[in-house]
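Notes to accompany the following structure.
The values are calculated or read from the model by the stated rules, or taken from the named source; none is laboratory data. None of the values given here were measured: they were computed from a predicted structure. As a convention, Cβ positions derive from the backbone with ideal geometry for all residues, glycine included, and neighbour counts pool all protein chains shown.
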């Protein structure tokens with residue numbers, strides 16, 4: 001925002017320089033000292049070039065440069081009484097620099113905000129009044145009013161723009177941090193937490209020293225789940241059916257790769273003795289990252305079938321290419337679960353569905369829905385728009 005305002009200030013300086021040049025070249029034969037008018041025009045052109053180059057670099061926007069900018073404008077305004085004729089000054093003719101004198105006011109506003117802009121406007125306005133005391137604030141369209149407006153409002157707009165940029169940057173950093181924590185949480189769930197759960201279960205079953213090891217694994221699993229839950233503030237919670245809002249098709253998981261891939265090759269690897277996979281006859285092309293996200297989410301859903309659906313539960317995986325949307329559904333005939341169970345699990349730190357399935361698809365820009373009922377099995381519907 002600040003850089004754009006400096007470019008606007010430079011453009012304003014050039015435009016008002018051209019306007020001042022037109023006035024001087026038109027009126028200099030009527031000046032009391034015509035040569036002085038041409039000298040003033042040369043100074044305006046030269047200082048416009050100098051200021052434009054210096055202000056184009058952040059290191060050149062110093063207080064001394066801005067003070068010199070204001071001083072040059074003041075000197076040119078005061079030169080009007082020596083260059084122009086008293087009759088023309090009394091008639092209300094513009095000062096020698098005309099609106100070009102507002103350029104340093106805008107520089108003050110951009111560099112220091114509204115109060116700096118108003119201060120610059122007051123200095124140049126004082127020179128204007130000293131040069132032409134008969135032109136007071138009685139005229140609402142006088143240069144003084146315009147200078148004050150430019151300084152105050154220009155500085156205020158710059159401050160608003162800077163604050164807006166800072167707010168957007170903070171939001172972007174927060175969203176990036178949350179996305180990274182979600183990605184790490186999914187990886188931890190798919191590896192460390194499952195190993196700890198397995199050690200805990202086997203240790204308790206074996207008894208003895210192994211049972212003590214299982215208790216330690218269970219404690220570490222609980223602590224890690226609590227850490228994962230508390231380290232993801234602002235994460236949208238799933239509703240009772242496991243639905244989460246989409247991050248939009250432009251969203252991207254930091255761990256997702258790019259490049260083309262056939263989703264069938266990813267999903268067909270999930271087939272097994274109790275898992276039936278059905279895919280279209282033709283290739284289902286997706287970016288590699290999107291195919292990977294769908295495959296990992298489907299694998300997590302099948303892992304839940306093996307762990308929770310009950311012995312002998314069968315699962316079916318269906319891939320559908322709907323053109324703009326690619327859909328993968330995972331259905332089983334297992335025990336199912338009651339409405340609201342997913343929300344309770346997420347609150348307790350068990351993030352298998354909310355992170356490994358719903359969170360993974362949400363990060364890739366899609367949506368996920370989990371529907372189930374006791375004794376009626378479970379269906380996980382994954383939908384991902386094509387870019």
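Which condition does residue 22 not pass, out of (1) assigned to a helix (DSSP H, G or I); (2) surrounded by fewer than 20 Cβ atoms within 10 Å (Cβ to Cβ); (3) touching a helix residue (DSSP H, G or I) at 6+ places or on another chain (Cβ under 7 Å), if it passes all the others? The failed condition is (3). When you check residue 41 against the structure, is it assigned by TED's automatic domain parsing to the domain that holds residue 110, crowded, with 20+ Cβ neighbours inside 10 Å and either under 40 Å from the mean Cα position of the chain (by Cα) or at pLDDT 90 or above (or both), yes or no? Considered against the rule, which asks whether it is assigned by TED's automatic domain parsing to the domain that holds residue 110, crowded, with 20+ Cβ neighbours inside 10 Å and either under 40 Å from the mean Cα position of the chain (by Cα) or at pLDDT 90 or above (or both), residue 41 comes out as yes.
Among helices (runs of 4 or more DSSP H) entirely within region 160-273, having at least 1 residues that are at pLDDT below 60, outside the structural domain of residue 318 (by TED's automatic domain parsing) and surrounded by 13 or more Cβ atoms within 10 Å (Cβ to Cβ) singles out 209-230. The set of residues in region 366-376 that are surrounded by 22 or more Cβ atoms within 10 Å (Cβ to Cβ) and not in a strand (DSSP E or B) contains only 366. With respect to (1) surrounded by 13 or more Cβ atoms within 10 Å (Cβ to Cβ); (2) at pLDDT below 75; (3) outside any helix (DSSP H, G or I), the lone exception for residue 276 is condition (2).
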